[in-house]
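Comments concern the structure below.
The values are calculated or read from the model by the stated rules, or taken from the named source; none is laboratory data. Because the structure is a prediction, the values reported are computed rather than measured. All Cβ positions, even for glycine, are placed from backbone atoms using ideal geometry, and neighbour counts span all protein chains on display. Side chains are part of the model used for accessible areas, which takes the heavy atoms of the whole protein and leaves out ligands, DNA and RNA. Shrake-Rupley method; radii C 1.70, N 1.55, O 1.52, S 1.80 Å.
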Amino acid sequence: MSDSQTDTLKPLKTWSHLSKQRKRPSEYEVVSTNLHFHTNNPDKPFEVGRDAKMNDWYIKYRNNSPLKHQGWDAFRDPEQLIYRTYNILQEGQEAYVTGLLDQFSERGNDQMISKQWAQELNRLYAPTRYLYHALQMGASYLHQMSPASTISNLATYQAGDHLRWLTHTAYRTCELAKTWDGIGLGENERNHWENDAAWQGFRELAEKALITWDWAEATIVFDVILKPAVSAAVQKQLGLAGAENADTLLSLLNDAQLRDAERHQRQTKALIDFALTNTDNAPIIQAWVDKWQPLADKAINAYCAALTDLPDAAEEARAYAAAVRQSFGLK
Amino acid sequence: MYQIPRAEWYDLTRATNWTPSYVSEEELFPEEMSGARGIPMAVWETYDEPYKVTYPEYVEIQRQKDAGAYSVKAALERDAYVDRADPGWISTMMAHYGAIAVNEYAASVAEARMARFSKAPGNRNMAVFGTLDENRHGQIQLFFPHANVKRNRQWDWAHKAMHTNEWAAIAARAFFDDIMLCRDAIAVSIMLTFSFETGFTNMQFLGLAADASEAGDHTFASLISSVQTDEARHAQQGGPSLKILIANGHKEEAQKMVDISIWRAWKLFSVLTGPIMDYYTPLEHRSQSFKEFMVEWIITQFERQLVDLGLDAPWYWEDLTKDLDTTHHGMHLGVWYWRPTVWWNPAAGASPEDRQWLEEKYPGWNKTWGRCWDVITDNLNNDREDLTLPETLPYICNMSQLPIVGTPGDGWDVKDYTLEHNGRLYHFGSKADRWCFEQDPVRHQEHQSLIDRFLSGQIQPADLPGALAYMGLGPGEMGQDAHNYAWAAAFKKQAKVA
């Protein structure tokens, strides 16, 4: 074994895989890039025998996705979010929400709303924990299936955000039930989610989205179709209905969640822009949008029909969702 | 924190199972990903995670933890501990980061498997935090070593190792891919969180943190003990799954999953952590021997947990207990001898004082391993370094992907446990390694060890330099003796004095 000094590899300023780029890598790049070693061998993702079934799942639904890019690892999150900054960001956001909850509790928010509105909340707000949980499950799928760590990480923090929304709902359901005992809060949500006409569109879309196994199609279904529809109808329009019904807390709480949703939309836009650097991808993405959009419109229409104080809710919600799609460069 | 006590609303955060009707339950939770094993959804809803945390608590606590670990790093950066640390300790860090950082990130994929596919809602929520935790562990254990890439090309391997076919990287992936990336949600909760994280990460992170503190490496100590606080929480996801499996007639399978995972973890630790604790860490900083750590964390504490849950100690428990005296010494000798094939500089840990300590901790060491090191020491002291370097490759186990080792000396006992399966002859380092294969031959049968690849002509040229190139190791990356043989020279001095 010779160890010739002339051949010795010199130390670098960063990881070897980043050392060719001209820009000095950010902390985000140092800790987030090129981490999925299981994308290295497209024919056998894992260091087990080829016949281990999990190889097939990843080959079929990730490596052989119709959406192609020669270097998914080059994707960068425009927010440059990393774990450390995610917690700083969301601890601050949660401090804000805690403040809201405290203030409105002191002010007697729940005592000032009408029984009718409390019943509406029971039917149209408390069941969001199922919807948000479906988004949480969807993001967890995208995390494990995305073809680059920088894409997986978008879903990592988004799954956290969806659990955040679900937590707000669970807390508020419990709090509302203290004032409005006996109307089914904390008890009837599953029944509403499974049977109430207002929810069936979203439930159908969520269930079908959750069994969309191709990572790229699932990304489009969740991030382009379902989530903007949820923001449009369940966060924005329901929040407006809350304001109409002296429930300022609900509208502020939903607005706080929309900050997360808007961040997800900026990230989705960047991912789609990146995917479209391969022009072959444009018709594939648009075809998925065309295939799924009717279900989202149906979900919005069914849900917004229940918001009787807001006759234009469905139209506005569809317009919001369409505007989000357009911001992604999609029809 | 929110005003209403958590206990009043926590259950609502995990009342999230519903009956799907637009798709079937089987479609929503495919068995190969969920692993419900025929146990009904309603039973999985009884899953009760012992460690409860909510979102606002999580982000607050984790922000504080990061502030602590990162500020220790920032404060000590100027101190440049790395420049004056013992080379053996540097090797400890390099081996640790290369084998662990990117695999911790990969563990977030396994956590996400539970977060999506577990039929237990409590498991799904906790696994979201687990996914975030492992994202943290990948990131923080990349950020810290990255500060050192300017010092030496070997630091690059904190990121690079898992992308290569370096043999230790293959062995690490073979273990982690098997128990965490290629398993259903429930199996992940048992094989990764319960079996591996409860016992072995405790040892790696708390044991190594104790050594790091002793060695004065406060940055590393605070980093890995902070990581362990997360592991201690999310490791608790497996216990409730085990309870449900056992109560519903699946004890045998649960036991098997635990047994496979513990054996495979033990073998990986015998090559990674054993040498670190008993040879690389400078003698004066070793808080306990590897065997003592293993006895405390695995043999005693972990066995107690198994029994508490209604499981038995694994069938090979006696073999494992016996192997604590031997296996890692063989692994260490192999790693040191084949030092050009690793990305760190192995410390021999065989100075006169080291050997005295080894003999105390492992009576009989001098008569067995010591005799090999005698020959190596003589060669080095007679200017025959060439005889201490490899020309060929060792035989490798088809399960652990590690060399097949035995105890040298008069009782030389190396044994190849073979198995013929579908016309192919497989080699194993122990009865338990072979048993792991036999539990699911289809899963493993096609896999080729580094030696299989060598013999089938995939590695060209078919010699050691060819193998090094295949492993991605260039000059400046290949390991050398950490102390430039000063430990061997100490024997020369001793002889002169005598």
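For region A:70-138, the fraction of C-alpha pairs more than 13 angstrom apart is 79%. P(r) tail for region B:293-430: Cα pairs beyond 28 Å make up 30% of the total.
Of the trypsin sites (Lys or Arg not before Pro) found in region B:405-498, those in coil by DSSP whose Cβ has at most 13 other Cβ atoms within 10 Å are B:Lys415. Which one, A:Glu189, A:Glu47, A:Glu204, has the greatest fluctuation when you compute a Gaussian network model over chain A with C-alpha springs under 10 angstrom? Highest fluctuation among the options: A:Glu47. Based on alpha-carbon atoms, the Kirkwood radius and the radius of gyration of region B:161-279 give Rg/Rh equal to 1.02. Residues considered: A:Ala126, A:Ala95, A:Ala148. Largest GNM mean-square fluctuation over chain A, using C-alpha springs under 10 Å, is found at A:Ala95.
Charges on Cβ only, +1 for Lys and Arg, -1 for Asp and Glu, centred on the Cα centroid of region A:72-327; of A:Ile272, A:Ala74, A:Val289, which one is farthest towards the dipole's positive end? Checking the options against the dipole of region A:72-327, the answer is A:Ala74.
Rounded, prolate or oblate: which one fits region A:249-331, using the alpha carbon gyration tensor with axes a ≥ b ≥ c (rounded when a/c is under 1.5, else prolate when a/b beats b/c, else oblate)?
oblate
Please give the net charge around B:Trp373, taking every other residue with its beta carbon less than 11 angstrom from that of B:Trp373, where Lys and Arg add +1 and Asp and Glu add -1. Value of the local net charge: -1.
Only one residue of A:Phe328, A:Ala317, A:Leu185 has its Cα farthest out toward the positive end of the dipole of chain A, where Lys and Arg carry +1 and Asp and Glu -1 on Cβ, and that residue is A:Phe328. Scalar couplings 3J(HN,Hα) for region B:380-397, obtained by applying the Karplus form with A = 6.51, B = -1.76, C = 1.60 to θ = phi - 60°, are 5, 6, 10, 6, 10, 3, 4, 6, 9, 10, x, 10, 10, 10, x, 6, 10, 6 Hz; x denotes Gly and Pro.
Each residue of region A:227-234 was assigned a 3J(HN,Hα) from its phi angle through the Karplus expression (A = 6.51, B = -1.76, C = 1.60, θ = phi - 60°), giving 5, x, 5, 5, 4, 5, 8, 7 Hz with x at Gly and Pro.
If only the Cβ of Lys and Arg carry +1 and only the Cβ of Asp and Glu carry -1, the dipole of region B:33-90 around its Cα centre is close to 80 debye. Rounded to the nearest 20 debye, the dipole size of chain A about its Cα centre is 1000 debye, using +1 on the Cβ of Lys and Arg and -1 on the Cβ of Asp and Glu.
Among the trypsin sites (Lys or Arg not before Pro) in region A:40-79, none is located in a DSSP loop while being surrounded by at most 11 other Cβ atoms within 10 Å of its own Cβ. For region A:213-282 versus region B:112-174, the spacing of their alpha-carbon centroids is 29 Å. With everything on Cα atoms, drop me the angle between helix B:352-361 and the longest principal axis of chain B, reported from 0 to 90° to the nearest 10. The angle comes out at about 40 degrees. Note on B:Lys492: aspartates and glutamates with a C-alpha under 17 Å away, same-chain residues under 8 apart excluded, are B:Glu353, B:Asp354, B:Asp374, B:Asp378, B:Asp383, B:Glu385. Applying a DSSP loop filter and a limit of 15 other Cβ atoms within 10 Å to the chymotrypsin sites (Phe, Trp or Tyr not before Pro) in region B:267-337 leaves B:Trp315.
In this structure, the amide hydrogen of A:Asn34, modeled 1.01 Å from its nitrogen in the peptide plane, lies closer than 5 angstrom to those of A:Ser149, A:Thr150, counting only residues at least 5 positions away or on a different chain.
Estimated from helical segments only, the mean residue ellipticity of chain B at 222 nm is -16500 deg cm²/dmol, where each DSSP H run of four or more residues counts as -39500 (n - 2.57).
Relative to one another, the C-alpha centroids of region A:66-115 and region B:78-94 are positioned 39 Å apart.
A cut-off of 5 Å between modelled amide H atoms, ignoring neighbours fewer than 5 places along the same chain, links B:Ala347 with B:Ala482. Give the shape of region B:235-379 as rounded, prolate or oblate, defined through the alpha-carbon gyration tensor: a ≥ b ≥ c are the square roots of its eigenvalues, a/c under 1.5 means rounded, and otherwise the shape is prolate if a/b is larger than b/c and oblate if not. Taking the square roots of the gyration eigenvalues as a ≥ b ≥ c, region B:235-379 is prolate.
Assuming charge only on the beta carbon of Lys and Arg (+1) and of Asp and Glu (-1), the dipole of region B:55-497 about its Cα centre is about 680 debye to the nearest 20. Taking the C-alpha atoms only, the angle from helix A:197-210 to the longest principal axis of chain A is near 10 degrees. Within the listed set A:Ser231, A:Ser65, A:Ser152, the residue fluctuating most in the Gaussian network model of chain A (springs between alpha-carbon atoms under 10 angstrom) is A:Ser65. Measure nothing but the geometry: give the 0 to 90° angle between the long axis through the Cα atoms of A:83-106 and the longest principal axis through the Cα atoms of chain A, rounded to 10°. Approximately 10 degrees, to the nearest ten.
Between B:Phe428 and B:Asn398, B:Tyr417, B:Thr418, the built amide H atoms are under 5 Å apart, and every one of these is 5 or more places off in sequence or on another chain. Remark: for residue pairs B:Lys160/B:Lys431; B:Lys73/B:Lys267; B:Lys256/B:Lys361; A:Lys208/B:Lys119; A:Lys60/B:Lys251; B:Lys119/B:Lys251, the C-alpha separation exceeds 22 Å in B:Lys160/B:Lys431; B:Lys73/B:Lys267; B:Lys256/B:Lys361; A:Lys60/B:Lys251.
Count Lys and Arg as plus one, Asp and Glu as minus one, and take only other residues whose Cβ is under 9 Å from that of B:Asn398; the net charge is then -1. Computed with a 1.4 Å probe over protein heavy atoms only, the accessible surface of the protein assembly as shown comes to 35 Å² per residue.
Using a 1.4 Å probe and counting only protein heavy atoms, how much accessible surface gets buried when A and B come together, both sides summed, in Å² to the nearest 100? Separately minus together, A and B give about 8400 Å² buried. Inter-part distance, region A:1-65 to region B:1-56, computed on C-alpha centroids, equals 35 Å.
Let a ≥ b ≥ c be the square roots of the eigenvalues of the Cα gyration tensor of chain B; is it rounded (a/c under 1.5), or, if not, prolate (a/b larger than b/c) or oblate? Prolate, since a/c reaches 1.5 and a/b exceeds b/c. Convex hull volume of the C-alpha atoms in region B:385-488, normalised per residue: 146 Å³. Using θ = phi - 60° in the Karplus curve 6.51 cos²θ - 1.76 cosθ + 1.60, the 3J(HN,Hα) couplings for region B:13-20 round to 5, 10, 8, 10, 7, 9, 8, x Hz; x is entered for Gly and Pro.
For chain A, what does the helix formula give at 222 nm: sum of -39500 (n - 2.57) over DSSP H segments with n ≥ 4, over the residue count, nearest 500 deg cm²/dmol? Taken over chain A, the calculation gives -19500 deg cm²/dmol.
Counting Lys +1, Arg +1, Asp -1, Glu -1, what net charge surrounds B:Ala161 among other residues with beta carbon under 12 Å of its beta carbon?
-1
Report the Stokes-Einstein translational diffusion coefficient (µm² s⁻¹, integer) for region B:6-63, Rh taken as the Kirkwood radius over Cα pairs, at 25 °C with viscosity 0.890 mPa s. Once the numbers are plugged in, D ends up at 177 µm²/s. What per residue convex hull volume, in Å³, comes out for the protein assembly as shown when only alpha-carbon positions are used? Here the figure is 159 Å³ per residue.
Converting the Cα gyration tensor eigenvalues of chain A into ellipsoid dimensions via √(5λ) gives semi-axes, longest first, of 41, 23, 18 Å.
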